[in-house]
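All remarks here apply to the structure that follows.
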Amino acid sequence: MMMKKYTTPIIIGILFGISALIYAVQFFVFHDSRDTFFYLLQDWAFLPVQIAVVTIAVGKLVESREKRDRLEKTQMLASTFFSDCGMQLLRDMLSTVTNKEVLHPCLSIQEDWGDREFRGAVQSIKDCRFTFCLHPDCLMRLKAYFEEKNMSMLVIISNPALLEHEEFTDMLWAMFHLKDELKAREGFEKLSEMDQYHLREDMERAMRGVLINWVRHMQHIKKEYPYLFLLEISQDPLALEKA
């Protein structure tokens, strides 16, 4: 540990020593201090440019690449989430929605969709107002599935890569909050108006987050994995929920 602590200063000292030695050899061989100091000052004058290019420009490129790598890992988490539990949770939540027709244009993703269509679908989901019929059987089924997939969701949300994906993290927190609201109730047959209001708000927030992230996920795999996208576009949550 002590050796590592002093390694950098030692290396810097050695480099300065080598530089001084080379300048000394130049002076004793050519006996011309004027040229030596002239080129030394020229090197120093160019030093800020070198710092700007190496430290700032190259640093930004490296940082940008690292961020892309982290986002790619986050996309892998999103793929894991939807394949493991996200799609079934979405179908269970959609079973309580009474105005599903507003979602058909957003979720019926087509093979020829581009970035404009995906952005439009996300914006439409953000603008939608959902109405719910909180049937006790649907809520019990959703509660049971949350409990079954609790560990999977905990593993995903504990991944540090999510720091780069605020939208996905917000969705997971909304789902955990909904899970806690459902878990706090023994049954759903005699919900008060206040309970129904809170559950509708929590359901809408969680479902909106899942829908948005599902569309983003589909946009990503269309660019990166075209064949997988062709398989996934058949997974229309509305069609599957209806079936």
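The values are calculated or read from the model by the stated rules, or taken from the named source; none is laboratory data. Remember, predicted model here, so these are calculated numbers, not experimental data. Reconstructed Cβ throughout: ideal geometry from the backbone, glycine too, with neighbour counts over all protein chains shown.
So which residues in the stretch 222-240 are at pLDDT below 90 and either surrounded by 18 or more Cβ atoms within 10 Å (Cβ to Cβ) or hydrophobic (A, V, I, L, M, F, W, C) (or both)? Listed by number, the residues that qualify are 228, 229, 230, 231, 232, 233, 237, 238, 239, 240. Of all residues in the stretch 139-149, those satisfying the criterion of being more than 11 Å from residue 199 (Cβ to Cβ), hydrophobic (A, V, I, L, M, F, W, C) and surrounded by 15 or more Cβ atoms within 10 Å (Cβ to Cβ) are 140, 146.
Restricting attention to the stretch 190-222, the residues being under 17 Å from the mean Cα position of the chain (by Cα) and among the polar types (S, T, N, Q) number 2. Does the stretch 62-69 include one or more residues that are in contact with a Phe, Trp or Tyr (Cβ under 9 Å, 6 or more places away or on another chain) and touching a residue at least 40 places away in the same chain (Cβ under 8 Å)? Checked the stretch 62-69: no residue is in contact with a Phe, Trp or Tyr (Cβ under 9 Å, 6 or more places away or on another chain) and touching a residue at least 40 places away in the same chain (Cβ under 8 Å).
Taking the stretch 21-40 as the search range and keeping residues that are of a type outside the set (Val, Ile, Thr) and loosely packed, with under 10 Cβ neighbours inside 10 Å, which one is nearest to the chain's Cα centre (by Cα)? Selected residue: 34. Restricting attention to the stretch 99-118, the residues that are modelled with pLDDT of 90 or more, surrounded by 13 or more Cβ atoms within 10 Å (Cβ to Cβ) and part of a helix (DSSP H, G or I) total 2.
For the stretch 52-99, the set of residues classified as in contact with an Asp or Glu (Cβ under 7 Å, 6 or more places away or on another chain) and of a type in the set (A, V, I, L, M, F, W, C) consists of 71, 94, listed by residue number.
Looking at the structure I just gave you, is residue 154 in a loop (DSSP other than H, G, I, E, B), farther than 15 Å from residue 82 by Cβ and not aromatic (Phe, Trp, Tyr)?
When the stated conditions are applied, residue 154 does not pass them.
Going by what's in this entry, would residue 36 be described as assigned to a helix (DSSP H, G or I), modelled with pLDDT under 70, of a type outside the set (Gly, Ala, Ser) and out of contact with any Ser or Thr (no Cβ under 6 Å at 6 or more places or on another chain)?
yes
Of the residues examined, residue 69 is one that is acidic (Asp, Glu), closer than 19 Å to residue 167 by Cβ, assigned to a helix (DSSP H, G or I) and modelled with pLDDT of 70 or more. The number of residues in the stretch 163-184 being within 13 Å of the chain's Cα centre (by Cα) and surrounded by fewer than 19 Cβ atoms within 10 Å (Cβ to Cβ) comes to 6. The single condition from (1) over 30 Å from residue 113 (Cβ atoms); (2) over 17 Å from the mean Cα position of the chain (by Cα); (3) without any contact (Cβ under 8 Å) to a residue 40 or more places away in the chain that residue 187 fails is (3).
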